[in-house]
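What follows is a set of notes on a single structure, which appears directly below.
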Amino acid sequence: MKDVHSYWAYLVLAILIFTVVNAIIGLTQKKEFKDKDLRLGLFTLIVSHIQLLIGLAWYFMSPWYKALKADAGAVMGEKTTRLLAVEHPIIMVLAIVLITIGWSKHKKKTTDTAKYKTFAIFYGIALLLILSRIPWNNWL
């Protein structure tokens with residue numbers, strides 16, 4: 001489960017970066033919001049939600065969750081364990097919530113610029129949050 005979560009994360013990160021860059025380019029160059037842009041946003045939403053499900057399944061089987069249940073004070077006092085047991089899961093859920101909000105809000109926008117801007121903001125903040133709490137030492 002951990003390996004699936006780790007490898008799927010590469011796909012999520014790649015597609016999220018591509019979607020954010022696409023939205024920024026579309027916004028700055030005032031491009032028309034086409035079906036490919038819609039599908040790109042939707043694909044990002046889908047792969048990130050799948051990652052969330054895999055991650056939650058792995059989390060509740062992980063040694064970090066067990067450590068948190070056994071002694072939360074010790075987990076919170078240890079930087080690496082706190083990242084894996086608390087910070088990473090919370091920030092990733094928040095990032096996927098932002099992706100979901102961005103997807104929902106873009107559907108209500110009527111102009112191409114507003115749609116690109118919504119993706120750039122919500123997906124972009126989600127990307128920054130994800131990058132900030134990836135356990136790089138365990139991942140690379």
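Take the stretch 98-140 and flag every residue that is touching a residue at least 12 places away in the same chain (Cβ under 8 Å) and in contact with a Lys or Arg (Cβ under 6 Å, 6 or more places away or on another chain).
Matches in the stretch 98-140: H106, K115, T118.
Confirm whether A95 is small (G, A, S), within 29 Å of D35 (Cβ to Cβ) and free of Cβ contacts under 8 Å to residues at least 60 places away in the same chain.
Considered against the rule, which asks whether it is small (G, A, S), within 29 Å of D35 (Cβ to Cβ) and free of Cβ contacts under 8 Å to residues at least 60 places away in the same chain, A95 comes out as yes.
Looking for whichever is among the hydrophobic types (A, V, I, L, M, F, W, C), in contact with a helix residue (DSSP H, G or I) (Cβ under 9 Å, 6 or more places away or on another chain), over 16 Å from G41 (Cα atoms) and surrounded by 21 or more Cβ atoms within 10 Å (Cβ to Cβ) here; the options are M92, M76. Which one fits?
Exactly one residue qualifies, and that residue is M92.
Checking the condition under 30 Å from I25 (Cα atoms), more than 13 Å from the chain's Cα centre (by Cα), of a type outside the set (A, V, I, L, M) and crowded, with 16+ Cβ neighbours inside 10 Å, which residue from Y116, Y59, Y65 passes?
Y116
Pairs only if they're at least six apart or on different chains, beta carbon under 9 angstrom, first in the stretch 42-59 and over 21 Å from W103 (Cα atoms), second loosely packed, with under 14 Cβ neighbours inside 10 Å and not aliphatic (A, V, I, L, M); list them, first residue then second.
What qualifies is W58/K2.
Out of all the residues in the stretch 4-38, which are over 18 Å from A126 (Cβ atoms) and of a type in the set (F, W, Y)?
Y7, F33
Could you please give the count of residues in the stretch 6-56 that are of a type outside the set (A, V, I, L, M) and crowded, with 19+ Cβ neighbours inside 10 Å?
The total comes to 10.
No value in this document is a laboratory result; all are computed from the given coordinates. All figures in this text were calculated on a predicted structure; none of them were measured in a lab. Heads up, the Cβs are rebuilt from the backbone with ideal geometry, glycines too, and the neighbour counts pull from every protein chain shown.
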